[in-house]
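Notes to accompany the following structure.
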Amino acid sequence: MQRVNRLFTEIVNAVMAHHNRLLSKVAGGRMLTMSELHVIDAIGSELLPMSEIATRLGVTPGTITVAVDRLEKKGFLTRMRTAEDRRLVLVGLTPRGEEVLRHHAAVDRYLASCAVAHLSPGEQESLVKMLDKVRQAIVNAPAVPFDI
């Protein structure tokens, strides 16, 4: 189990290192956190209410408000009110946010292709099945007790 934990940690750290290098280049000197990148990913090419972004990320509306404030200030998001209901605020990406989204998707595709390039088609299929089982187990795991 310790080996699995170490491998997961190394994979996550390597992926984050690639993303941090990307983000420092495409963010125009304005550093983006991984949490901010998750917000950009959750919005994608849509115009979304803040509540929908919070739901997609599994966080509170207050958390999203803080993140959207920061991303809007950095020039990656914009807020708009609808003509039908002025109380409803929709959030969308600016051209700079769309650029980050495109680059992020490209890095993900590149890393995935690097990860499986040395595997046969059969090994790739086995990997996908195993990763899906791992994903399901993590998604369905009960909450971590605080006394661990």
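The values are calculated or read from the model by the stated rules, or taken from the named source; none is laboratory data. Everything numeric in this text was worked out from a predicted model, so none of it was measured. Cβ: placed from backbone, ideal geometry, glycine included. Neighbour counts: every protein chain shown. Keep in mind that these areas ignore ligands, DNA and RNA; they rest on the heavy atoms of the full protein, side chains included. Shrake-Rupley method; radii C 1.70, N 1.55, O 1.52, S 1.80 Å.
GNM remark for the chain: springs join alpha carbons under 10 Å apart, and the peak mean-square fluctuation among 59, 107, 128 falls on 128. For region 15-137, the share of accessible area belonging to carbon and sulfur comes to 59 percent (1.4 Å probe, ligands and nucleic acids excluded). Under a crude label model (7 Å from the Cα following the beta-carbon direction), how far is residue 51 from residue 112 in nanometres? Output for this residue pair reads 3.2 nm.
Per residue, the solvent-accessible area of the chain (1.4 Å probe, heavy atoms of protein chains only, all protein chains present) comes to 69 Å².
With semi-axes defined as the square roots of five times the eigenvalues of the C-alpha gyration tensor, the equivalent ellipsoid of the chain measures 32, 20, 15 Å, largest first.
Just checking the listed ones, 121, 49, 95: in the Gaussian network model of the chain with Cα springs under 10 Å, the one fluctuating most is 121. For the residue pair residue 103 and residue 7, what label-to-label distance in nm results when each label sits 7 Å from Cα along the Cα-to-beta-carbon direction? Taking the simple label geometry, residue 103 and residue 7 are separated by 3.2 nm. On the beta carbon distance between residue 66 and residue 120, with R0 = 30 Å, the FRET formula returns roughly 0.05. For region 80-148, the Kirkwood estimate of hydrodynamic radius, built from reciprocal distances between every pair of different alpha carbons, is 16.6 Å. Once the trypsin sites (Lys or Arg not before Pro) in DSSP loops with at most 11 neighbouring Cβ atoms within 10 Å are cut out of the chain, the longest remaining piece is 1-85. Return the Rg/Rh value of region 11-66, two decimal places, where both radii are evaluated on C-alpha atoms and Rh is the Kirkwood radius. So for region 11-66, dividing Rg by the Kirkwood Rh gives 1.02.
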